[in-house]
There are 6 protein chains.
Amino acid sequence: MTMDNNTRYNAGTRVMEELFSEEVRTGMQEIKNISPDLWDMIVSFGFGDLYARKTLSLEQREMITLTSLITQGAFDQLRVHLQAALNVGLTKEEIIELIIHCIGYVGFPKAVQAMGIAGEIFKEN
Amino acid sequence: MTMDNNTRYNAGTRVMEELFSEEVRTGMQEIKNISPDLWDMIVSFGFGDLYARKTLSLEQREMITLTSLITQGAFDQLRVHLQAALNVGLTKEEIIELIIHCIGYVGFPKAVQAMGIAGEIFKEN
Amino acid sequence: MTMDNNTRYNAGTRVMEELFSEEVRTGMQEIKNISPDLWDMIVSFGFGDLYARKTLSLEQREMITLTSLITQGAFDQLRVHLQAALNVGLTKEEIIELIIHCIGYVGFPKAVQAMGIAGEIFKEN
Amino acid sequence: MTMDNNTRYNAGTRVMEELFSEEVRTGMQEIKNISPDLWDMIVSFGFGDLYARKTLSLEQREMITLTSLITQGAFDQLRVHLQAALNVGLTKEEIIELIIHCIGYVGFPKAVQAMGIAGEIFKEN
Amino acid sequence: MTMDNNTRYNAGTRVMEELFSEEVRTGMQEIKNISPDLWDMIVSFGFGDLYARKTLSLEQREMITLTSLITQGAFDQLRVHLQAALNVGLTKEEIIELIIHCIGYVGFPKAVQAMGIAGEIFKEN
Amino acid sequence: MTMDNNTRYNAGTRVMEELFSEEVRTGMQEIKNISPDLWDMIVSFGFGDLYARKTLSLEQREMITLTSLITQGAFDQLRVHLQAALNVGLTKEEIIELIIHCIGYVGFPKAVQAMGIAGEIFKEN
């Protein structure tokens, strides 16, 4: 709570380096051209204040993220975070299992669509 | 996949005993009076086919469940699963952390409402 | 399409008399005190333009309505339309069946909550 | 409830043959390559336990399915089920009517998007 | 409330001319070929009864529309209404600001997706 | 972007004093007892980083907030923000108009529920 904004931004940058490849991070920066302030919030708040916290590992955080994205049908972001989930150590089997567990909470359409995208990401790895 | 339906129902019953107190399980059975078939699906499919699977622990499954319930705003069910999460070993700190992580994916209104309910459940424990 | 607005309002009023008891219709009119224009749109557009159309029966329309309300988690309105569904001829068995079918599309939390409310409405009938 | 899992899978397969063309069913099986267990649940639970039940016809079940998909904005799945709805006997007029009825429950954006997709499916028939 | 249906349709047409380019309006009319009745409701109710009302300006109405579309993840319609918002006088800065404000209510995934689309629309202007 | 965290917290506090009565702000602080970190994020990010920005007035920000809450069915938070909207200068007529405009984007159930709550808040003022 006494961190200044540089600290928050730097913490967010470090997390993003663990989650995303350089290529993905460069792609994300297109947002910076439209709105530097949104970019700053993504890095400082989204990754710096939230992901960089203790108590849960990045692996656990990606499980939460994947579940929320599937539940709200945010399939473009799901693609990016499926790769991030693999990068921080979730296995394909665990991701498949997470999607199957979601059937009971979101129904088949979202689970099946998520599994199709997971299949594509798995092929690239 | 060669399990018969008794096996599925029994597997579901065992999981429910780990997740829920006897009182909660008795309360859930009111659904059985309205629709015995829905009850059977809850136990055999919901808990027997989904929760009883391997690869993820019950602790991890409750993290997924909590996240999906928060994301879809299903706060009545959240109450029951917050208690289940504590029962299978998630700590208060981890649950608070999960809710905070969700801010970035669902916004403040759902996160704050979830935290308020978590506070009530924590008091009872 | 050449109907004037009185015709639309009257068509809506007639449908509402088929769907809802006098008590329910009186309760609904509280909206009229806050916004007469919203009330007019509910009657003229919601019931006059939509429900009073041909091609689907009121029974079929209530099946659609119940499904949409369950899917979006609009449980207060679900209560009113469960009674309307019974009033226009859907049986308890058909309503239970509709809710069970929804499991595959919305997951258990919303289906179970809907079934609990259906149980309450069935008791009053 | 005493059905074993082969019976459930076979019941699901028979329903899927009524709903979907061979081409669509073959396409669906890609899911099987990613997760044979998800495929088994789609067939045995989704179609075997849910669609193969009595009390509602396949025509009525597709009305429920279309409505839930429109309400949750699951437009990829809507495409497949619009064709299924035609296959089991819903007419174009009834489908158009269902979408129009939904305006009152989901607003114009989802209804208009659904109608656009329905127009594409109708052209192919 | 004593308007007849021609008046409503004409009022809707006038609003649509303020919001959308001729090209967009022509594209929208494809819906008319599939369902003339849906088209009539879009014009007479959606634009005639709702947008043509007093008390809020078209600029304010587009702020409401953009927010609802972002919140429900209706990104195809968002594209059209981002252009409409510019047409009736919202500035790029105000639109960016609206999207940033939404972070707190819908989370990052929908806000970032909206900002990406806004960037594309801004480039065309 | 060079603000330190005290500045952000203080900016958030000032906005909250404009939006909410002392009683409401005291009630909100219950969250602080459960999770001081969530409270800090609500104040520093939610109100300090988002609401305290320029380009849009608090009146416009509350229009966006109300619309997002109605669209996602967050009716508990809607209650608090309807009062906040009145506090920063939106009139009852404008709020009613906003809810009516939403019909076209979210359908009647959410709009009617919002109007009912608005009626209650208006009575208290």
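No lab work stands behind these numbers, since they all come straight from the coordinates. Since we're looking at a predicted model, the values are computed, not measured. Reconstructed Cβ throughout: ideal geometry from the backbone, glycine too, with neighbour counts over all protein chains shown.
Remarks
- Proxy reagent accessibility, fewest Cβ within 10 Å first, across C:Ser44, C:Ser21: C:Ser21, C:Ser44
- Taking a ≥ b ≥ c as the square roots of the Cα gyration tensor eigenvalues, the stretch C:19-59 comes out oblate, since a/c reaches at least 1.5 and a/b does not exceed b/c.
- Top of B:Gln83, B:Gln60, B:Gln72 by mean-square fluctuation, Gaussian network on chain B, Cα under 10 Å: B:Gln72
- Closest approach of a chain B Cβ to the axis relating B and E (residue, whole Å): B:Gly107, 2.
- Cα gyration tensor, the protein assembly as shown - rounded (a/c under 1.5), prolate or oblate: rounded
- The loop-placed trypsin sites (Lys or Arg not before Pro) in the stretch A:1-75, going by DSSP, that have at most 14 neighbouring Cβ atoms within 10 Å of their Cβ come out as A:Lys54.
- Approximate spin-label separation C:Asn125-A:Glu59, in nm, with each point projected 7 Å along Cα-to-Cβ: 5.1
- Taking chain E and dividing mean pair separation by its residue count, relative contact order in percent (alpha carbons under 8 Å, at least six apart): 25
- Dipole moment magnitude, nearest 20 debye, the stretch D:5-125 about Cα centre, only Lys, Arg, Asp, Glu C-beta charged: 240
- Each part gets one Cα centre, and for the stretch C:19-98 versus the stretch A:70-125 those centres are 37 Å apart.
- Helix-only [θ]222 nm of chain F, DSSP H runs n ≥ 4, -39500 (n - 2.57) each, per residue, nearest 500: -22500 deg cm²/dmol
- Label distances, nm, D:Thr7 versus same residue in remaining copies, Cβ-directed 7 Å point: 1.6, 5.7, 6.5, 6.5, 7.2
- Inter-copy separations for F:Arg53, label at 7 Å along Cα-Cβ, nm, ascending: 2.2, 2.8, 3.9, 3.9, 4.7
- Folded to 0 to 90 degrees: helix B:58-72 orientation relative to chain B principal axis, Cα: 60
- In the stretch F:1-111, taking the dipole from charged Cβ atoms about the Cα centre, the farthest positive-side position among F:Ser21, F:Ala74, F:Tyr105 is held by F:Tyr105.
- Gyration tensor verdict on the stretch D:49-99 (Cα atoms; rounded if a/c is under 1.5, prolate if a/b is larger than b/c, oblate otherwise): oblate
- Helix E:5-19 axis, angle to chain E major axis (alpha carbon atoms, nearest 10°): 30
- Only Lys, Arg, Asp and Glu carry charge here, each on its Cβ (+1 for the first two, -1 for the last two); on that basis the protein assembly as shown has a dipole of about 0 debye about its Cα centre.
- Chain A: angle of helix A:108-124 to the longest principal axis, Cα-based, in degrees nearest 10: 70
- For E:Glu30, label point 7 Å along C-beta direction: distances to other copies, nm: 2.3, 2.3, 4.5, 4.9, 5.1
- Note on C:Thr13 and E:Arg25: their simple-model spin labels are 3.6 nm apart, each label 7 Å out from Cα toward Cβ.
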